[in-house]
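Each reported figure results from applying straightforward, stated rules to the coordinates on display, with no laboratory input. The model shown is predicted, which means the values in this text are computed figures rather than measured ones. Glycine also receives a Cβ, built like all others from the backbone with ideal geometry; neighbour counts cover every protein chain displayed.
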Amino acid sequence: MTAQVIDGKAFAAEVRGKVAEHVARLKEKHDLVPGLAVVLVGEDPASEVYVRSKGKQTTEVGMKSVEHKLDADTSEADLLALIDQLNKDDSINGILVQLPLPGHLDEDLVINSIDPAKDVDGFHISNVGLLGTGQKSMVPCTPLGCLMMLREHHGSLSGMNAVVIGRSNIVGKPMAQLLLGDSCTVTIAHSRTKDLADVVRRADIVVAAVGRPEMVPGDWIKEGATVIDVGINRIEKDDGKTKLVGDVDYASCAERAGAITPVPGGVGPMTIACLLANTLTATCRANGLEEPEGLTA
Ligand code: NAD
């Protein structure tokens, strides 16, 4: 079998298009412009690239984008004061604090100081609890993007065996909750899992979120399974240049899978599209308006 390629780039463009249409309607009917504030502390080059890209795409869909760049030695009190100010600002509907934060800042404390209704990353403990109990919440962007692609490809996921490799708070755990919510039978595998190959071979859906280049070989994949590759790893090629690869060995997995996401061009573009979708959802909820269909879990 040669897998169908799930084109995350094209799907993300579709999601952004839907968001832009809805944003235009909000402006026309309610004179509302959703606002997203991104807070970046320090000068991590990868984070700066993400933040720039987020800002550009936010304005492209017609939203207001605000960036707060703070020095690496910013005190926790100053950062919390900024978040408090953004929590109270009615023109801001979404707040994202770019992670990782410099070591002297308590990430949990900072994330949990964001108003949960504006927590468009879905990392606030209230949103984690709401998601875990099947209630309306803000859903972390990367797993939400994976779920959207799976629903688009399969329609119903009910009764499917799903294996999530990785148990991080930002990808693995919320991904497992979302798949449970869609009635999959879910296994979370991690660094201590025994016979990982065996576990993965039982999966109709494999979500790899490990951070180890090309770790999953094709012979772990059940014939016809759907493979969602969250990993983004930069590796050096023989010629000394670098390239991005995922957590699965794309060539061999694509030979057995029914469908697979490429890296780059799979999960990555969906993450920012879902950030915009979450900002729109937060705006609608804050104003008591109907939420857009198909853009939340
Ligand atoms: P993380 O380091 O927080 O978690 C990695 C998980 O993998 C851990 O739970 C660990 O138990 C598990 N693991 C490690 N070694 C393992 C092994 N040998 N076998 C099985 N499990 C193992 O990483 P994360 O933040 O969840 O990110 C995972 C990957 O996804 C990274 O490559 C990251 O760059 C990428 N990522 C991509 C996006 C995107 O937008 N596409 C977003 C977030 C993360």
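Computed quantities for the displayed model
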read-out	value
Built amide H within the under 5 Å cut-off of ALA225, gap 5+	GLY258
Cys residues of the chain counted as unpaired, since no other Cys beta-carbon is under 4.7 Å	CYS146, CYS184, CYS253, CYS284
Farthest toward positive dipole pole in the chain [+1 Lys/Arg, -1 Asp/Glu at C-beta], among PRO45, ALA197, SER75	ALA197
GNM top mover of PRO262, PRO116, PRO102 - the chain, alpha-carbon springs below 10 Å	PRO102
Stokes-Einstein D (µm²/s) once Rh is taken as the Kirkwood radius of the chain over alpha-carbon pairs, at 25 °C in 0.890 mPa s	124
Under 5 Å, built H, 5+ apart or other chain: amide partners of ASN161	THR185, ASP204, ILE205
Fluctuation leader among ALA77, ALA162, ALA225 - the chain, Gaussian network, Cα springs under 10 angstrom	ALA77
From phi via Karplus (6.51, -1.76, 1.60), per-residue ³J(HN,Hα) for the range 239-254 in Hz, x at Gly/Pro	7, x, 6, 10, 8, 8, 10, x, 8, 10, 7, 4, 4, 6, 5, 5
Kirkwood-based Rg to Rh ratio, the range 1-120, C-alpha trace	1.05
Size of electric dipole in the range 21-145: Cβ of Lys, Arg +1 and of Asp, Glu -1, about Cα centre, debye, nearest 20	720
Dipole magnitude of the chain, debye to nearest 20 (Cβ charges: Lys/Arg +1, Asp/Glu -1, about Cα centre)	640
Gaussian network model of the chain, springs between alpha carbon atoms under 10 Å - residue of LYS27, LYS136, LYS241 with greatest fluctuation	LYS241
GLY35 long-range amide H proximity, modeled H, under 5 Å	LYS64, ASN93, GLY94
Nitroxide proxy distance, nm - points 7 Å out along Cα→Cβ at SER53 and ILE125	3.2
Estimated [θ] at 222 nm from DSSP helical runs (n ≥ 4, -39500 (n - 2.57)) normalised by residues in the chain, nearest 500	-13000 deg cm²/dmol
HN-Hα J in Hz across the range 193-210 - Karplus 6.51, -1.76, 1.60, θ = phi - 60°, x for Gly and Pro	5, 8, 6, 4, 4, 5, 5, 5, 4, 8, 7, 7, 10, 10, 10, 9, 9, 10
Net lengthening on full extension, LYS241/ALA72 (0.36 nm per residue, minus Cα-Cα)	57.8 nm
Kirkwood Rh, angstrom, the range 167-266 [1 / mean 1/r, Cα pairs]	13.9
The chain: DSSP helices with Cα axial extent of at least 15 Å and average Kyte-Doolittle hydropathy no lower than -0.5	76-88, 141-154, 267-286
Alpha-carbon centroid distance for the pair the range 239-297 / the range 14-28, whole angstrom	19
